[in-house]
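A.B. asks: Structure below; questions to follow.
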């Protein structure tokens, strides 16, 4: 399964925002030649799909994840893409400062995106 | 001089509180804010393997005249109106209310005080902000309308960890087991141990040992 992940902030990264106002869109593209099966539960939960680190590279601990055991599988045809919205994905306990966030699914990772929390 | 006066005043207050408790007329309240972490390992799928953190926050009211213990979680909603989010109240309150009784009431209620949960929507002074998830419940602070997993998420807010996969070294097996409790399977009820932080808080308020 070959997947390409992208993540983009909906709001401008240079603008400081409250943790609850953070918004981003993740995109998953099947770059392989075979159909790829993807679990939307894993892909849409910020606790499972997003890695957030502070300006020192330390991981920001996310809230407890969804209960497993009820996957929502979808099939991505070769070349197909699936976008997922994320809202309020930075934990409210995160102090003001600069952070980086990236999307993950299985072994695939997107590039890091910078954001600033007020 | 002032220190002595303060000391006397505090002692009198404690004495009055003790008398009220003894007479079963006290209404005792306390805010709870406890930092909790959990580390999940041996997960399948492996996406769940990680360390998670949150603050268990709620308000406890030991109401001796009304003979009950009321636990309130104040929620500020984001992306959804209180009326649309009414099902979450029903789900959480039904799951956690009237399941167990607090029996440490110094003989004020021979059959114990029932423990009730109230999920209250507020615009300020919240314990947690919960955002609307357009799909299913995504985590403790992002709830959906297509499932009833909010009862499990409320369990986290009351201080409980997951009880699936391996958590802090304890192996619970897969999630959503038919016989699992609410922290394993959101469709199931809680067990007495899930009221541990409420119990500890009531214990502190009454200054007694709770059974």
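Values quoted throughout were computed directly from the atomic coordinates according to the rules given, and no laboratory measurement underlies them. Everything quoted here is computed from the prediction, not taken from an experiment. Don't worry about glycine lacking a Cβ; one is built from the backbone with ideal geometry, like all the others, and counts go over all protein chains shown.
A.B. asks: Compute the helix-to-body angle for B:86-96: its Cα long axis versus the longest principal axis of chain B, expressed 0 to 90° and rounded to tens.
C.D. replies: The helix B:86-96 is inclined about 70 degrees to chain B.
A.B. asks: Return the tail of the calculated pair distribution for segment B:144-207, meaning the percent of Cα-Cα pairs more than 19 Å apart.
C.D. replies: Numbers: 723 of 2016 pairs.
In whole percent, the share of Cα-Cα pairs in segment B:144-207 beyond 19 Å is 36.
A.B. asks: Right, another one. Stokes-Einstein at 37 °C, 0.692 mPa s, Kirkwood radius from Cα pairs: D for segment A:7-107 in µm² s⁻¹? Write out the running numbers ahead of the final one.
C.D. replies: Values: Rh = 14.6 Å.
Value of D from the Cα-based Kirkwood radius: 224 µm²/s.
A.B. asks: Another question, then. Applying 1/(1 + (r/R0)^6) with R0 = 35 Å to the Cβ-Cβ distance of residue B:170 and residue A:108, what FRET efficiency is obtained, to the nearest 0.05? Provide the component values of the computation, followed by the final result.
C.D. replies: Details: r = 31 Å, r/R0 = 0.87.
Efficiency, rounded to the nearest 0.05: 0.70.
A.B. asks: Another question, then. Counting helices only, and only those DSSP H runs with n ≥ 4, report the 222 nm mean residue ellipticity of chain B as the sum of -39,500 (n - 2.57) divided by its residues, in deg cm²/dmol to the nearest 500.
C.D. replies: Details: 4 runs with 51 residues, N = 211.
Taken over chain B, the calculation gives -7500 deg cm²/dmol.
A.B. asks: Counting only other chains, and only Cβ atoms inside 10 Å, what mean value do you get across the residues of B:33-39?
C.D. replies: On the way: counts 0, 0, 1, 1, 2, 3, 1.
Rounded to a whole number, the mean comes out at 1.
A.B. asks: Give the average, rounded to an integer, of partner chain Cβ atoms located within 10 angstrom of each Cβ in B:143-150.
C.D. replies: For this peptide, the per-residue mean of nearby foreign Cβ atoms is 1.
A.B. asks: Stretch residue A:70-residue A:1 to full length: gain in nm at 0.36 nm per residue minus the Cα-Cα span? Before the final figure, lay out each step's value.
C.D. replies: Values: separation 69, 0.36 × 69 = 24.84 nm, distance 2.15 nm.
Between residue A:70 and residue A:1, full extension yields an extra 22.7 nm.
A.B. asks: Cα atoms only: what Rg and Dmax, in Å, come out for the protein assembly as shown?
C.D. replies: Cα only, the protein assembly as shown: 22.6, 85 Å (Rg, Dmax).
A.B. asks: What does the convex hull of the alpha-carbon atoms of segment B:12-121 project to on average, in nm²? Spell out each step's value before the answer.
C.D. replies: On the way: hull surface 41.1 nm².
Mean projected area of the Cα convex hull: 10.3 nm².
A.B. asks: Could you tell me how many degrees, from 0 to 90 and to the nearest 10, lie between the Cα long axis of helix B:2-22 and the main elongation axis, the longest principal axis, of the Cα atoms of chain B?
C.D. replies: 70
A.B. asks: Give me the three principal axis extents of segment B:1-58 from the C-alpha atoms, as integers in angstrom, largest value leading.
C.D. replies: 63, 32, 14
A.B. asks: Summarise the long-distance tail of P(r) for segment A:33-75 by giving the % of C-alpha pairs beyond 12 Å.
C.D. replies: When every Cα pair of segment A:33-75 is considered, 67 percent fall beyond 12 Å.
A.B. asks: Kirkwood hydrodynamic radius, computed over distinct alpha-carbon pairs, for segment B:101-144: how many Å, to one decimal? Working shown, then result.
C.D. replies: Numbers: mean 1/r = 0.0738 Å⁻¹.
By the Kirkwood definition, the hydrodynamic radius is 13.5 Å.
A.B. asks: To two decimal places, what compactness ratio does segment B:60-154 give when its Cα radius of gyration is scaled by 2.2 N^0.38 Å?
C.D. replies: Details: Rg = 15.1 Å, N = 95, 2.2 N^0.38 = 12.4 Å.
With N residues counted in segment B:60-154, Rg over 2.2 N^0.38 Å equals 1.22.
A.B. asks: For peptide B:129-140, how many partner chain Cβ atoms fall within 10 Å of a residue's Cβ, on average? Walk me through the intermediate numbers first.
C.D. replies: Working: counts 5, 1, 5, 2, 8, 3, 8, 8, 4, 14, 11, 7.
Mean partner shielding for this stretch: 6.
A.B. asks: Roughly how many nanometres apart are two label points built 7 Å out from the Cα toward the Cβ at residue B:66 and residue A:18?
C.D. replies: Between residue B:66 and residue A:18, the simple spin-label model gives 2.9 nm.
A.B. asks: Rounded to the nearest 0.05, what FRET efficiency do residue B:177 and residue A:118 have when you use their Cβ-Cβ distance and R0 = 35 Å?
C.D. replies: Numbers: r = 43 Å, r/R0 = 1.22.
Calculated value: 0.25.
A.B. asks: Sticking with this one: Using helices alone, I'd like the mean residue ellipticity at 222 nm for chain A: each DSSP H run of four-plus residues gives -39500 (n - 2.57), total over residue count, nearest 500. Write down the numbers at each step before the final one.
C.D. replies: Numbers: 2 runs with 9 residues, N = 118.
Taken over chain A, the calculation gives -1500 deg cm²/dmol.
A.B. asks: Now for a separate question. Using the Cα atoms as the points, what is the convex hull volume per residue of chain B in Å³? Present the calculation step by step, with values, prior to reporting the outcome.
C.D. replies: Working: hull volume 31.4 nm³, N = 211.
With only Cα atoms used, chain B gives 149 Å³ per residue.
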